Amino acid sequence: MRKCVVVNYAKRMHVRHSLELPVDLIGLAKKYGTLRFIDIPCQIDGITANLKVPGTKPTILVNKTRPKKRQRFTLAHEIGHVVIPWHMGTIFDITDAGVPDGAIDYWDMEAEANAFATELLMPSSWMLGLLENFNNPAEINEKMAYEANVSAIAATLRLKTFLPPGYIFVVYTSDGKIAYSGRTEGTHASPPARGEDQRAKEQYGYAQDFYEFHSGQEHYLWIEFPSEVNITLDTKRKWRDVLDEILDDVTDSEEQKRTYKQQVNGVLGYANGVVRRGDYNERSLCSACIQRFNGKEHLKPITSHLKFEEFLSAKIRDLIDKAGR
Ligand SMILES: [Zn+2]
């Protein structure tokens with residue numbers, strides 16, 4: 001995808017038309033083609049017709065049965081199809097999953113139009129301004145949705161790409177189920193899966209802070225993880241011995257012990273990867289391990305054990321010693 005190029009088209013459009021937020025998409029669309037809001041009775045959000053046909057203005061059709069903010073995103077997306085020079089012909093924007101296999105070109109164009117729409121509606125320069133001296137992602141998320149007149153989830157997905165490592169977001173529907181979740185790039189902790197109804201606040205005990213807001217029926221939660229955790233235990237013991245003691249306390253079954261060991265090693269394999277990449281210290285490695293263990297319900301008996309921190313401390317020292325050799 002020629003994403004940078006596409007994003008630049010949206011940036012130039014802001015400059016050329018001196019656009020302000022929320023962007024007047026209707027006024028903008030009318031400069032480039034014929035715009036109509038119509039009732040489209042199937043799972044189509046919008047249609048752009050007659051793209052790059054000499055002597056003809058393109059036509060943009062938006063499905064007016066969709067929620068208002070979704071229509072706005074669709075319209076921004078259709079303007080993208082009109083402006084991006086290599087998008088030709090007539091494009092039907094289907095938002096349902098039932099897309100034919102092998103339609104790679106279609107998805108490339110869709111991704112490009114979405115990147116254009118995102119930059120048009122929520123410009124990078126505006127984002128950077130909002131994020132100066134920021135401390136509360138929920139507050140920014142809400143402000144973005146309001147000022148840009150986009151859905152809260154569109155703002156969430158945009159915000160996610162601007163925040164540093166160490167953030168997870170979770171969106172709950174009114175019945176407590178998870179509708180969306182995700183994490184910023186470089187975050188060690190895994191977000192809870194869609195459809196689950198876990199209460200993330202209980203699940204992520206090691207989080208540094210929780211930030212939340214409501215949008216309609218949905219509950220938005222941003223979770224911040226500490227980039228460094230200090231375990232001050234200065235253990236001289238071997239991590240294997242400490243782990244064996246923990247396992248003896250947790251279960252009598254040798255088979256279960258083996259399973260636990262495999263699972264623990266699986267999680268710690270990730271820490272190994274962090275060490276190999278080289279950008280770590282004892283405290284950041286500790287945070288990475290804790291984030292990975294956190295939320296793994298099946299390992300709760302181990303991670304809640306009194307000696308778990310001693311084990312982790314010994315293991316981290318061992319990892320760092322080995323890497324130094
Ligand atoms: Zn499209």
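The values are calculated or read from the model by the stated rules, or taken from the named source; none is laboratory data. Values in this document were obtained by computation on a predicted structure and should not be read as measured data. All Cβ positions, glycine included, derive from the backbone under ideal geometry; neighbour counts span all protein chains shown. What goes into the accessible areas is simple: the full protein's heavy atoms, side chains included, and nothing from ligands, DNA or RNA. Shrake-Rupley method; radii C 1.70, N 1.55, O 1.52, S 1.80 Å.
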- Heavy-atom accessible area of residue 317 with all protein chains present, probe 1.4 Å, nearest 10 Å²? 70 Å²
- Note on the structure: With the convex hull built on the alpha-carbon atoms of the range 3-121, volume per residue in Å³ sits at 101 Å³
- Item | Å² of accessible area per residue within the range 3-121, as computed with a 1.4 Å probe and no ligands counted | 51 Å²
- Measuring from label point to label point, each 7 Å out along Cα→Cβ, what is the residue 267 to residue 234 span in nm? 2.7 nm
- Message: If the reach is capped at under 20 angstrom between alpha carbons, list the lysines near residue 315, excluding any in the same chain fewer than eight residues apart.
- Response: 236, 238, 257, 261, 296, 300, 307
- DSSP-defined beta bridges in the chain - what % are antiparallel, rounded to 5: 85 percent
- the range 49-70 and the range 209-264: distance between their alpha carbon centers, rounded to Å: 51 Å
- Item | Degrees, to the nearest 10: 3-16 long Cα axis against longest axis of the chain | 50 degrees
- residue 297 and residue 131 label points (each 7 Å along its Cα→Cβ direction) are spaced in nm at 3.3 nm
- Query: What percentage of all Cα-Cα pairs in the chain are separated by more than 24 Å?
  - Reply: 63 percent
- Query: Ordering 187, 173 by how much accessible area each has at a 1.4 Å probe, largest first, what is the list?
  - Reply: 173, 187
- How far, in nm, would the chain grow between residue 196 and residue 31 when pulled straight, counting 0.36 nm per residue and subtracting the alpha carbon separation? 54.9 nm
- Nearby lysines by direct alpha-carbon distance to residue 30 (threshold 27 angstrom, same-chain neighbours under 8 apart not counted): 3, 11, 52, 57, 64, 68, 69
